[in-house]
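S.K.: Pasting a structure here, questions to come.
The values are calculated or read from the model by the stated rules, or taken from the named source; none is laboratory data. Remember, it's a predicted structure, so these values are computed and weren't measured experimentally. Backbone-built Cβ (ideal geometry, glycine too); neighbour counts: all protein chains shown. All accessible areas refer to the heavy atoms of the entire protein, side chains included, with ligands and DNA or RNA removed. Shrake-Rupley method; radii C 1.70, N 1.55, O 1.52, S 1.80 Å.
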Amino acid sequence: MKLLLATLLSTSSLLAVIPAQAQFTNPSPPECDEVAGCRTACEDYGAGIKGCIYLKVISRNFPYVTFKTSFEREISEADCPQFKLRTLRVEDGMPNRWEQVIPGSRDYAKLMQACTVR
């Protein structure tokens, strides 16, 4: 677990290097609620207004974390060491293909939160 956390933290410096249209961040320390989950993928709209989604971990089976967000209907699965996400189809629970996440993206913020929050 310490190696995974060190790997995740060492890659977070990429956020400032790779340009993107929107930079999504996670509150530090994590802001979590037992019912809603943890605030994640926050975007600053200016004038003190932030938009965030909530992420709730469903299960952990290293290296995978299954979670649901307030933003999507689907359940998602993260492969933490590989920095990949996939969704599970709502209709039948079958997994879609793994997608590599891009630093600074909404998916990156979700993966970082799902893989590090307890």
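S.K.: Counting only residues that are within 15 Å of Thr69 (Cα to Cα) and in a loop (DSSP other than H, G, I, E, B), which one in the stretch 31-53 is least open to solvent (accessible area, probe 1.4 Å)?
M.R.: Among those that are within 15 Å of Thr69 (Cα to Cα) and in a loop (DSSP other than H, G, I, E, B), it is Ala36.
S.K.: Okay, moving on. Yes or no: Arg60 within 12 Å of Cys115 (Cβ to Cβ), of a type in the set (Lys, Arg) and assigned to a strand (DSSP E or B)?
M.R.: yes
S.K.: Give me a count of the residues in the stretch 28-44 that are at negative phi and touching a strand residue (DSSP E or B) at 6+ places or on another chain (Cβ under 6 Å).
M.R.: Residues meeting the conditions: 10.
S.K.: From the list Arg86, Arg60, which residue is free of Cβ contacts under 8 Å to residues at least 12 places away in the same chain and either surrounded by fewer than 18 Cβ atoms within 10 Å (Cβ to Cβ) or among the charged types (D, E, K, R) (or both)?
M.R.: Going through Arg86, Arg60 in turn, the sole match is Arg60.
S.K.: A further question on this structure: The conditions are (1) at pLDDT below 80; (2) closer than 22 Å to Gly104 by Cβ, and Tyr54 fails exactly one of them. Which is it?
M.R.: (1)
S.K.: For the stretch 72-84: of the residues being in contact with a Leu (Cβ under 9 Å, 6 or more places away or on another chain) and part of a loop (DSSP other than H, G, I, E, B), which is modelled with the lowest pLDDT?
M.R.: So the residue we want is Glu74.
S.K.: Taking only pairs six or more apart or across chains, which ones have beta-carbon atoms under 6 Å, a first residue in the stretch 100-118 that is open to solvent by less than 50 Å² (accessible area, probe 1.4 Å), and a second residue that is polar (S, T, N, Q) and outside any loop (DSSP other than H, G, I, E, B)?
M.R.: Going by the 6 Å Cβ cut-off, the qualifying pairs are Ala109/Thr40; Lys110/Thr40; Gln113/Thr40.
S.K.: Counting just the residues of the stretch 20-30 that are part of a loop (DSSP other than H, G, I, E, B) and open to solvent by 60 Å² or more (accessible area, probe 1.4 Å), which one comes out modelled with the highest pLDDT?
M.R.: Pro30
S.K.: Go through (1) closer than 14 Å to Tyr108 by Cα; (2) at pLDDT below 75 for Val17 and report which single condition fails.
M.R.: Condition (1) is where Val17 drops out.
S.K.: Ser70 is checked against (1) surrounded by 15 or more Cβ atoms within 10 Å (Cβ to Cβ); (2) within 13 Å of the chain's Cα centre (by Cα) and fails just one. What number does that condition carry?
M.R.: (1)
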